[in-house]
Amino acid sequence: MAWWCTDGGSVAAEVTLVTPFLIMLLVFIAVVIHRGVDARLRMDDVAHQAARAASIQRTRPAASTAAQSTAASALATAGVVCRSLSVDTATTGLVPGGVVTVTISCSVDLSDALLLGVALHKRLSATAREPVDTYRSLVVNTRAGSP
(Lines give C-alpha, C1' and ligand atoms only; values in the text may rest on other atoms or scores of the structure.)
Protein backbone atom coordinates (compact mmCIF):
# COMPACT_ATOMS: atom_id res chain seq x y z
CA MET A 1 0.00 0.00 0.00
CA ALA A 2 1.27 3.50 -0.86
CA TRP A 3 2.22 6.01 1.82
CA TRP A 4 -0.47 8.56 0.77
CA CYS A 5 -3.23 6.07 1.42
CA THR A 6 -2.28 5.52 5.07
CA ASP A 7 -2.94 9.02 6.46
CA GLY A 8 -6.06 8.00 8.34
CA GLY A 9 -7.71 10.83 10.30
CA SER A 10 -5.71 13.70 8.80
CA VAL A 11 -8.78 15.27 7.13
CA ALA A 12 -10.56 15.52 10.47
CA ALA A 13 -7.54 17.25 11.99
CA GLU A 14 -7.28 19.70 9.06
CA VAL A 15 -10.97 20.58 9.23
CA THR A 16 -10.68 21.11 12.98
CA LEU A 17 -7.79 23.53 12.48
CA VAL A 18 -9.27 25.43 9.51
CA THR A 19 -12.88 25.79 10.71
CA PRO A 20 -12.27 28.59 13.28
CA PHE A 21 -10.48 30.69 10.64
CA LEU A 22 -13.32 30.24 8.17
CA ILE A 23 -15.88 31.20 10.79
CA MET A 24 -13.84 34.27 11.72
CA LEU A 25 -13.62 35.29 8.04
CA LEU A 26 -17.39 34.96 7.65
CA VAL A 27 -17.96 37.08 10.76
CA PHE A 28 -15.65 39.82 9.44
CA ILE A 29 -17.44 39.80 6.08
CA ALA A 30 -20.82 40.02 7.84
CA VAL A 31 -19.58 42.99 9.89
CA VAL A 32 -18.42 44.86 6.78
CA ILE A 33 -21.70 44.20 4.97
CA HIS A 34 -23.67 45.29 8.05
CA ARG A 35 -21.68 48.50 8.32
CA GLY A 36 -22.40 49.37 4.69
CA VAL A 37 -26.13 48.65 4.97
CA ASP A 38 -26.37 50.49 8.28
CA ALA A 39 -24.59 53.55 6.88
CA ARG A 40 -26.91 53.59 3.85
CA LEU A 41 -30.03 53.39 6.06
CA ARG A 42 -28.73 56.18 8.27
CA MET A 43 -27.97 58.31 5.21
CA ASP A 44 -31.56 57.87 3.98
CA ASP A 45 -32.86 58.94 7.39
CA VAL A 46 -30.57 61.98 7.49
CA ALA A 47 -31.66 63.03 3.99
CA HIS A 48 -35.29 62.82 5.11
CA GLN A 49 -34.59 64.91 8.21
CA ALA A 50 -32.73 67.54 6.16
CA ALA A 51 -35.52 67.72 3.57
CA ARG A 52 -38.11 68.15 6.32
CA ALA A 53 -36.06 70.91 7.95
CA ALA A 54 -35.75 72.69 4.59
CA SER A 55 -39.46 72.35 3.77
CA ILE A 56 -40.60 74.19 6.90
CA GLN A 57 -38.43 77.24 6.27
CA ARG A 58 -39.87 80.40 4.74
CA THR A 59 -36.97 81.49 2.49
CA ARG A 60 -34.60 79.69 0.16
CA PRO A 61 -31.39 80.69 1.96
CA ALA A 62 -32.89 79.63 5.29
CA ALA A 63 -33.95 76.30 3.75
CA SER A 64 -30.44 75.58 2.47
CA THR A 65 -28.89 76.52 5.80
CA ALA A 66 -31.40 74.41 7.73
CA ALA A 67 -30.77 71.38 5.50
CA GLN A 68 -26.99 71.71 5.89
CA SER A 69 -27.06 72.09 9.68
CA THR A 70 -29.67 69.36 10.16
CA ALA A 71 -27.69 66.92 8.01
CA ALA A 72 -24.44 67.60 9.88
CA SER A 73 -26.02 67.24 13.32
CA ALA A 74 -28.08 64.16 12.36
CA LEU A 75 -25.00 62.40 10.95
CA ALA A 76 -23.06 63.16 14.12
CA THR A 77 -25.93 61.87 16.26
CA ALA A 78 -26.26 58.72 14.13
CA GLY A 79 -22.58 57.94 14.54
CA VAL A 80 -21.75 58.10 10.83
CA VAL A 81 -18.26 59.54 10.34
CA CYS A 82 -18.07 61.51 7.11
CA ARG A 83 -14.78 62.47 5.56
CA SER A 84 -16.56 65.04 3.40
CA LEU A 85 -20.23 66.03 3.46
CA SER A 86 -22.13 67.58 0.57
CA VAL A 87 -25.72 68.78 0.94
CA ASP A 88 -27.50 69.89 -2.24
CA THR A 89 -30.87 71.53 -1.62
CA ALA A 90 -33.27 72.16 -4.51
CA THR A 91 -35.49 74.95 -3.20
CA THR A 92 -37.26 75.93 -6.43
CA GLY A 93 -40.34 74.15 -5.09
CA LEU A 94 -40.36 76.15 -1.85
CA VAL A 95 -43.89 77.41 -2.46
CA PRO A 96 -47.14 76.21 -0.89
CA GLY A 97 -47.87 72.79 -2.39
CA GLY A 98 -44.36 72.46 -3.85
CA VAL A 99 -41.65 69.95 -3.12
CA VAL A 100 -38.18 70.48 -1.65
CA THR A 101 -35.49 67.96 -2.62
CA VAL A 102 -32.31 67.37 -0.62
CA THR A 103 -29.42 65.19 -1.80
CA ILE A 104 -26.73 64.25 0.69
CA SER A 105 -23.37 62.80 -0.32
CA CYS A 106 -20.90 61.56 2.23
CA SER A 107 -17.59 59.73 2.13
CA VAL A 108 -18.15 57.22 4.95
CA ASP A 109 -15.15 56.11 6.99
CA LEU A 110 -14.73 52.30 7.08
CA SER A 111 -11.17 52.28 8.41
CA ASP A 112 -11.99 49.86 11.23
CA ALA A 113 -12.78 47.19 8.61
CA LEU A 114 -9.27 47.46 7.16
CA LEU A 115 -8.42 43.92 8.23
CA LEU A 116 -10.26 42.53 5.22
CA GLY A 117 -8.69 44.84 2.67
CA VAL A 118 -11.84 46.95 2.36
CA ALA A 119 -11.48 50.49 1.05
CA LEU A 120 -11.03 53.09 3.76
CA HIS A 121 -13.81 55.33 2.47
CA LYS A 122 -16.98 54.65 0.51
CA ARG A 123 -19.01 57.40 -1.14
CA LEU A 124 -22.71 57.14 -0.25
CA SER A 125 -25.55 59.42 -1.26
CA ALA A 126 -29.23 59.69 -0.46
CA THR A 127 -32.04 61.85 -1.80
CA ALA A 128 -35.27 62.78 -0.07
CA ARG A 129 -38.24 64.83 -1.21
CA GLU A 130 -40.54 66.59 1.21
CA PRO A 131 -43.76 68.43 0.36
CA VAL A 132 -44.30 71.99 1.45
CA ASP A 133 -47.54 72.60 3.35
CA THR A 134 -50.26 73.76 0.97
CA TYR A 135 -51.97 76.07 3.46
CA ARG A 136 -49.00 77.92 4.86
CA SER A 137 -48.15 81.52 4.21
CA LEU A 138 -44.87 82.82 2.87
CA VAL A 139 -42.88 85.80 3.98
CA VAL A 140 -42.75 88.06 0.97
CA ASN A 141 -39.81 90.40 0.60
CA THR A 142 -41.43 93.66 -0.48
CA ARG A 143 -38.19 94.87 -2.08
CA ALA A 144 -37.56 91.76 -4.21
CA GLY A 145 -41.21 90.68 -4.57
CA SER A 146 -40.42 86.96 -4.19
CA PRO A 147 -40.04 84.51 -1.32
Residue in region 95-124 that is modelled with the lowest pLDDT, counting only those that are among the small types (G, A, S), surrounded by 14 or more Cβ atoms within 10 Å (Cβ to Cβ) and outside any helix (DSSP H, G or I): S107
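Matching residues to (1) among the β-branched types (V, I, T); (2) at pLDDT below 90; (3) within 13 Å of the chain's Cα centre (by Cα); (4) farther than 17 Å from V132 by Cα:
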position	(1), (2), (3), (4)
G9	no, yes, no, yes
V15	yes, yes, no, yes
H34	no, yes, yes, yes
H48	no, no, yes, no
A51	no, no, no, no
A72	no, no, yes, yes
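Of everything in region 28-75 that's charged (D, E, K, R) and touching a Leu at 6+ places or on another chain (Cβ under 8 Å), which residue is nearest to S125 (Cα to Cα)? Walk me through how you get there before you give the answer.
As a first pass, look at region 28-75 and keep what is charged (D, E, K, R): 35, 38, 40, 42, 44-45, 52, 58, 60.
So of that shortlist, the ones also touching a Leu at 6+ places or on another chain (Cβ under 8 Å) come out as 35, 40, 42, 58, 60.
Numbers: R35: 15, R40: 8, R42: 11, R58: 26, R60: 22 Å.
Step by step, filter region 28-75, then rank; the result is R40.
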Residue within region 76-86 that is modelled with pLDDT of 90 or more, of a type outside the set (A, V, I, L, M), within 15 Å of T127 (Cβ to Cβ) and outside any helix (DSSP H, G or I) present: yes
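The values are calculated or read from the model by the stated rules, or taken from the named source; none is laboratory data. All of these numbers come straight from a predicted model, not from anything done at the bench. Cβ: placed from backbone, ideal geometry, glycine included. Neighbour counts: every protein chain shown.
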